[in-house]
Amino acid sequence: MKAYKERSREELLALKAKLEKEYEDAKGKGLKLDMSRGKPSVAQLDMGMDIFDVLNSQSDMTSLEGVDVRNYGVLDGLTEAKHMMADIMGVKAENVIIYGNASLNVMYDAVSSAVTHGVMGCTPWCKLDKVKFLCPVPGYDRHFSITQYFGIEMITVPMTPQGPDMDLVEKLVSEDESVKGIWCVPKYSNPQGYTYSDETVRRFANLKPAARDFRIFWDNAYAVHHLYEEKERQESILDILSECEKAGNPDMVYEFASTSKISFSGAGVAAIASSRANLECIRKTLTIQTIGYDKINQLRHVRYFKDFEGIKAHMRKHAALMRPKFEAVLRVLEEELAGTGIGEWTRPNGGYFISFQAMEGCAKAIVARCKEAGVTLTAAGATYPYGHDPEDSNIRIAPTYPSPEELAMATDLFVLCVKLVSVEKLLEEHARDASRFGDRLAG
């Protein structure tokens with residue numbers, strides 16, 4: 001396929017006319033499709049409905065250690081729930097505290113506590129002149145929303161297929177005491193689907209931060225969210241807690257996870273994993289914050305999944321529903337855009353997203369065109385702090401929620417909008433070049 005940049009102005013004008021007609025036809029279909037967030041599909045939610053059959057009015061409501069889960073007590077979670085979440089994260093159960101239904105809430109609490117009361121005896125961030133956070137980009141918009149909410153300055157760090165640019169991370173962390181943390185999605189990163197290499201994890205563990213209260217916010221959201229069982233091994237990731245212990249930095253990490261995309265979003269189990277010293281500080285806050293999280297839900301999840309093999313078997317069912325959707329999107333992108341030079345995209349082995357890189361200056365226009373024709377995408381710029389993508393080129397594609405039929409229509413429209421906006425951009429460049437040429441002749 002001839003690259004769009006190699007086409008003449010006349011060729012581009014002819015292509016634009018053709019694409020505009022196709023776009024008007026697409027608008028006439030009255031589509032109303034949502035690909036804005038990484039939501040499980042109805043079919044994915046349906047397959048876990050029998051979790052509600054695990055506990056009923058006749059059930060034994062005591063934990064393995066004899067705790068009546070209907071009553072007060074066990075502030076930091078049932079032991080068996082700790083083992084379940086430890087298996088998901090690949091850590092030791094002794095390093096885990098169980099929370100409520102969402103890991104995002106746990107992350108918010110961690111930042112909020114640091115702002116108001118400090119980290120392990122350090123000065124509360126609210127009393128400091130400047131607090132900064134490193135943000136690998138493209139990244140997860142909800143992470144950035146938390147730090148923005150607390151007025152924390154966000155510094156972007158480029159992502160690579162091996163993880164964040166560690167040369168830059170090491171430099172910023174070691175030289176600037178106001179850098180207090182970094183957001184990380186280490187496995188099947190949001191939105192690119194990258195998994196941090198062993199070298200990247202070890203370099204994180206061996207950081208030498210200028211700030212004693214620097215913390216790595218390790219959001220292991222997609223720890224067991226594989227699309228291809230045969231590729232699981234190559235996507236394995238080192239245990240950051242163990243690596244930090246080896247490096248003499250045991251307290252440097254907060255690791256987060258939940259069952260939100262394993263069982264139910266909003267009705268799952270969330271957890272934090274960290275060092276003994278960090279957990280002691282967190283427990284002191286919990287005694288003020290809550291009388292205890294939902295132990296009935298913890299017990300329900302443990303009895304439903306039974307063990308880690310049960311979790312993996314359940315996730316294979318998720319993969320069976322999600323894999324064809326990812327492959328369908330990637331197939332259309334390959335067939336329609338490969339060789340055109342107007343877009344690049346990731347090919348993840350897990351997670352919930354595909355990251356699309358359009359021509360510079362085109363992302364907002366592509367998303368707007370899609371919305372006008374009935375397909376809602378994540379807002380352009382959302383994958384960057386403050387919603388500002390300096391190149392206006394990254395678009396996050398979430399293939400999971402639509403039905404296969406809806407996904408086919410949505411992807412076809414997306415590709416059409418990419419082509420149309422790219423042609424318009426190239427014609428603008430032709431016009432500018434012609435104008436500059438005319439100015440030189442006149443001069």
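Under a 5 Å amide H cut-off, with hydrogens placed 1.01 Å from N, TYR99 pairs with ALA270, ALA271, ILE272 among residues at least 5 apart or on other chains. Around THR259, under 12 Å between beta carbons, what's the net of Lys plus Arg minus Asp minus Glu among the other residues? Its environment carries a net charge of +1. Over all alpha-carbon pairs in segment 289-405, figure out the percentage whose distance exceeds 18 Å. So the pairs more than 18 Å apart make up 64 percent of the total in segment 289-405.
Kirkwood radius, the chain, all distinct C-alpha pairs, inverse of mean reciprocal distance: 23.6 Å.
Inter-part distance, segment 146-197 to segment 359-387, computed on C-alpha centroids, equals 23 Å. For ILE155, the residues whose modelled amide H falls within less than 5 Å of its own, excluding neighbours fewer than 5 places apart on the same chain, are PHE133, LEU134, CYS135.
Once you keep just the Cα pairs under 8 angstrom separated by 6 or more residues, what percentage relative contact order results for segment 15-159?
Values: 94 pairs, mean separation 15.9, N = 145.
This gives 11 percent for segment 15-159.
For segment 80-169, the alpha carbon convex hull comes to 143 Å³ per residue, rounded to a whole number. With a ≥ b ≥ c the root eigenvalues of the C-alpha gyration tensor of segment 173-329, is it rounded (a/c under 1.5), prolate (a/b larger than b/c) or oblate? It comes out oblate by the Cα gyration axes.
Local charge sum around VAL415 (other residues, Cβ-Cβ under 10 Å, Lys/Arg +1, Asp/Glu -1)? Counting the neighbours of VAL415, the net charge comes to -2.
Highest GNM mean-square fluctuation among SER178, SER57, SER41, for the chain modelled with Cα contacts below 10 Å: SER57. For the residues ILE88, ILE240, ILE291, a GNM of the chain with alpha-carbon springs under 10 Å puts the largest fluctuation on ILE291. Under a 5 Å amide H cut-off, with hydrogens placed 1.01 Å from N, THR376 pairs with LEU33, ASP34, MET35 among residues at least 5 apart or on other chains. Other residues within the sphere of radius under 11 Å centred on the Cβ of GLU360, judged by their own Cβ, net out at -3 (K and R +1, D and E -1).
Rounded to the nearest whole Hz, the Karplus-based 3J(HN,Hα) values (6.51 cos²θ - 1.76 cosθ + 1.60, θ = phi - 60°) of segment 248-260 follow the sequence x, 10, x, 9, 7, 10, 10, 10, 10, 6, 7, 9, 4, with x at glycine and proline.
In terms of the Cα gyration tensor, with a ≥ b ≥ c the square roots of its eigenvalues, is segment 15-89 rounded because a/c is under 1.5, prolate because a/b exceeds b/c, or oblate? The shape class here is prolate. Only DSSP H runs of four or more residues enter the estimate; each adds -39500 (n - 2.57), and after division by the residues of the chain the mean residue ellipticity at 222 nm equals -14000 deg cm²/dmol. Treating r as the C-beta distance of LYS312 and MET49 and R0 as 25 Å, the FRET efficiency rounds to 0.80. 3J(HN,Hα) along segment 385-398, derived from phi through the Karplus expression 6.51 cos²θ - 1.76 cosθ + 1.60 where θ = phi - 60°, amounts to x, 6, x, 10, 8, x, 9, 6, 9, 8, 10, 8, 9, 10 Hz, with x in place of Gly and Pro. Among TYR72, TYR196, TYR222, the residue with the largest mean-square fluctuation in a Gaussian network model of the chain, with springs joining Cα atoms closer than 10 Å, is TYR72. Treating the beta-carbon of each Lys and Arg as +1 and of each Asp and Glu as -1, no other charges, what is the dipole magnitude of the chain about its Cα centre, to the nearest 20 debye? Taking the Cα centre of the chain as origin, the dipole is about 400 debye. Site pair LEU75 and ASP60 shows an inter-label distance of 2.9 nm when each label is modelled 7 Å from Cα along Cα→Cβ. Beta bridges per DSSP, both residues in the chain: antiparallel share near 45 percent. VAL185 contributes an accessible area of around 10 Å² to the protein surface, as traced by a 1.4 Å probe with all chains present.
Within segment 57-164, DSSP assigns beta bridges of which about 35% are antiparallel (rounded to the nearest 5).
The values are calculated or read from the model by the stated rules, or taken from the named source; none is laboratory data. Note that this is a predicted model, so its numbers are computed, not measured. All Cβ positions, glycine included, derive from the backbone under ideal geometry; neighbour counts span all protein chains shown. Note: areas computed on protein heavy atoms with side chains; ligands, DNA, RNA excluded. Shrake-Rupley method; radii C 1.70, N 1.55, O 1.52, S 1.80 Å.
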